[in-house]
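Participant: Please see the structure below; I have some questions.
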Amino acid sequence: MGKPANTALTFRTLTDAYGRSIDYARISVTSRCNLRCVYCMREEHQRHHSPAGELTTEEIFRCVEALAGSGVRKVRFTGGEPLIRKDIVDLVRYAKAVDGIETVSLTTNGVLLDRCFEDLLGAGLDGINLSLDTFDPDRYRNITRRNLLHKVSENLDRLLRYAGSLKVKINVLLLREINSSEIGRFTELTRHDRVTVRFMELMPFDDNQIWRTGKFMGAEKILEALTTIYPELEAREGKTTEHFSFSLPGYKGSVAIIPAYTRNFCSTCNRLRITADGKIISCLYSGDGVELLPALRGGAEREVLTSLLQKAVSKKPEDGREAGRGARGTSMSEIGG
Ligand code: SAM
Ligand code: SF4
């Protein structure tokens, strides 16, 4: 692995037409996955996706450099399942060494974490979001279509031992009558460890096979369920990056509700996404991306990549939900959740 090449770079900022500064990038390093969550992918997903269409290690390095040179300070590697990539530790190490990048984190389903956890820590990883929706093996198999809860549970324990030195968040996508009875069980993870448990709303994507089944659980219902179990729940204001964050007296961690469907956070959006096949997406709700891959594969200079990033950001709609009415992507795994 070479040394990051932008030491002498003049830093710019990426600002959109509405004055929002973009300093956070989610890079999807693959759209392949070892699970098939019913709200995310169809069983046959992988057939259409080959590693040949994915950004290479070198191409991702160049993306991170261009992002840093454009004002991005935080990078999250996601997917698909990012730990499927054999170079994930190199990607983290390199990104951490790029001038301007302050934090590097990743979102994972946790199945493969034991293989690379120590190396990821050694590479300087700042945070892990582990997605887990249930502690019940049958339910886990029904949601993910795979029988791998034992692996994730072991890896969650491993991860919790580092909560505090590493920023650890647990993503729990709540579905009415499916896993909503486990709200208390997940909240209890925050009792002894400095973790954030994030209860998330389901979002509609074309490959989401559960959207039409009436299992959606909105933020109000999630809060109601939480306060029924924990009447002492307290809102945390101004102390968190989460929009709806709560703590419990005597508990070390916190819980958050992510109302990704019922609320609109466009006015404060600071992020862009790079898809696994090298497209820059400036808004989750609009499929209108800018192709980066041809420039990367054509050996374009950093200035060209930077101008493509700026072009994508200039297309960012003021209110993405409004602008993208009716449009939705195939799957969160394509866009980089
Ligand atoms: N495979 C990794 C994982 O599951 O953590 C990273 C990619 S996954 C697409 C990132 C996050 O997107 C996960 O926490 C998952 O629960 C969430 N997600 C996937 N499909 C979703 C949907 N339809 N609505 C809301 N969140 C979704
Ligand atoms: Fe894979 Fe994550 Fe999508 Fe589940 S949510 S299918 S683990 S990419």
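The values are calculated or read from the model by the stated rules, or taken from the named source; none is laboratory data. Computed from a predicted structure; not experimentally measured. Here the Cβ is made from the backbone with ideal geometry for all residues, glycine too, and neighbour counts use every protein chain on show. Areas reflect the complete protein model, heavy atoms only, side chains present, ligands, DNA and RNA absent. Shrake-Rupley method; radii C 1.70, N 1.55, O 1.52, S 1.80 Å.
Participant: Report the accessible area of residue 73, computed with a 1.4 Å probe over the heavy atoms of all protein chains in place, in Å² rounded to the nearest 10.
Facilitator: About 50 Å², ignoring ligands and nucleic acids.
Participant: Hey, which of these cross-link pairs are over 27 Å Cα-Cα: 74/215; 74/311; 167/311?
Facilitator: 74/215; 167/311
Participant: Here's a follow-up. Under the Karplus relation 6.51 cos²θ - 1.76 cosθ + 1.60, θ = phi - 60°, what is the ordered set of whole-Hz ³J(HN,Hα) values for the stretch 132-147, x standing for Gly and Pro?
Facilitator: Karplus-based 3J(HN,Hα) across the stretch 132-147 equals 8, 9, 7, 9, 9, x, 5, 5, 4, 5, 5, 6, 9, 6, 9, 9 Hz.
Participant: Normalised by the residues of the stretch 215-318, what does the relative contact order come to in percent, with Cα pairs under 8 Å and at least six apart?
Facilitator: 16 percent
Participant: While we're looking at this one, here's another question. Taking the Cα centre of each part, how many Å lie between the stretch 14-87 and the stretch 206-228?
Facilitator: 26 Å
Participant: Which sequence of 65, 43, 322 reflects their accessible areas, 1.4 Å probe, from the largest down?
Facilitator: In descending accessible area the options line up as 322, 43, 65.
Participant: To the nearest 10 degrees, how steeply does helix 88-97 sit against the main Cα axis of the chain, on a 0 to 90 scale?
Facilitator: Helix 88-97 sits at roughly 60 degrees to that axis.
Participant: If you don't mind, another one. How much net charge surrounds residue 82 when only the other residues with a Cβ under 13 Å from the Cβ of residue 82 are counted, with Lys and Arg +1 and Asp and Glu -1?
Facilitator: +2
Participant: Further question: What number, rounded to the nearest 500 deg cm²/dmol, is the helix-based mean residue ellipticity at 222 nm of the chain, given -39500 (n - 2.57) per DSSP H run of at least four residues and division by all its residues?
Facilitator: -8000 deg cm²/dmol
Participant: Further question on the same structure: Answer rounded, prolate or oblate for the stretch 133-282, using the Cα gyration tensor with square roots of eigenvalues a ≥ b ≥ c: rounded when a/c is under 1.5, else prolate when a/b is larger than b/c, else oblate.
Facilitator: rounded
Participant: Which ³J(HN,Hα) values in Hz, rounded to whole numbers, follow from the phi angles of the stretch 288-304 under the Karplus curve 6.51 cos²θ - 1.76 cosθ + 1.60, where θ = phi - 60° and Gly and Pro get x?
Facilitator: Once rounded to whole Hz, the list reads 7, x, 10, 6, 9, 4, x, 5, 4, 6, x, x, 4, 5, 4, 4, 5.
Participant: If you don't mind, another one. Angle check, please: helix 149-160 long axis (alpha carbons) against the longest principal axis of the chain (alpha carbons), in degrees 0 to 90, nearest 10.
Facilitator: So the inclination is approximately 80 degrees.
Participant: Can you work out the accessible area per residue across the chain, with the rest of the protein chains kept in place, probe 1.4 Å, in square angstrom?
Facilitator: That works out to 44 Å² per residue.
Participant: For residue 216, what residues show an amide H to amide H distance below 5 Å, using hydrogens built from the backbone and excluding near sequence neighbours?
Facilitator: Long-range HN contacts for residue 216: 176.
Participant: Ok, one more. Hey, in the chain, which Cys have no second cysteine's beta-carbon closer than 4.7 Å?
Facilitator: Cysteines lacking a close Cβ partner in the chain: 33, 63, 116, 266, 269, 283.
Participant: Follow-up question, since we're still on this one. When a/c is below 1.5 the answer is rounded, else prolate if a/b is larger than b/c, else oblate, so apply that to the stretch 21-141 with a ≥ b ≥ c taken from the square roots of the Cα gyration tensor eigenvalues.
Facilitator: Since a/c reaches 1.5 and a/b is larger than b/c, the shape of the stretch 21-141 is classed as prolate.
Participant: OK, next. On the full set of protein chains, 1.4 Å probe, figure out the accessible area of residue 332 and give it in Å² to the nearest 10.
Facilitator: The accessible area comes out at roughly 60 Å².
Participant: Under a 5 Å amide H to amide H cut-off, with H placed in plane at 1.01 Å, what residues pair with residue 167 once short-range neighbours are removed?
Facilitator: Placed amide hydrogens put 127, 128 under 5 Å from residue 167.
Participant: Keeping the other protein chains in place, figure out the carbon and sulfur percent of the accessible area of the stretch 26-137, with a 1.4 Å probe.
Facilitator: 47 percent
Participant: Once the whole set of protein chains is in place, how much accessible area is left on residue 39, using a 1.4 Å probe, in Å² to the nearest 10?
Facilitator: Rounded to the nearest 10, that gives 40 Å².
Participant: Oh, and also: Is the stretch 154-223 rounded, prolate or oblate when judged by the Cα gyration tensor, a ≥ b ≥ c being the square roots of its eigenvalues, rounded requiring a/c under 1.5 and prolate requiring a/b larger than b/c?
Facilitator: It comes out prolate by the Cα gyration axes.
Participant: Rounded to whole Hz and in sequence order, give me ³J(HN,Hα) for the stretch 208-223 from the Karplus expression 6.51 cos²θ - 1.76 cosθ + 1.60, θ = phi - 60°, writing x for Gly and Pro.
Facilitator: Working through the residues one at a time gives 7, 8, 10, 4, 8, 9, x, 9, 4, 10, x, 4, 4, 5, 5, 5 Hz.
Participant: Quick one: which residues, 5 or more positions from residue 195 or on another chain, have an amide H under 5 Å from its amide H? H modelled 1.01 Å from N in the peptide plane, none for Pro or chain starts.
Facilitator: Long-range HN contacts for residue 195: 253, 254.
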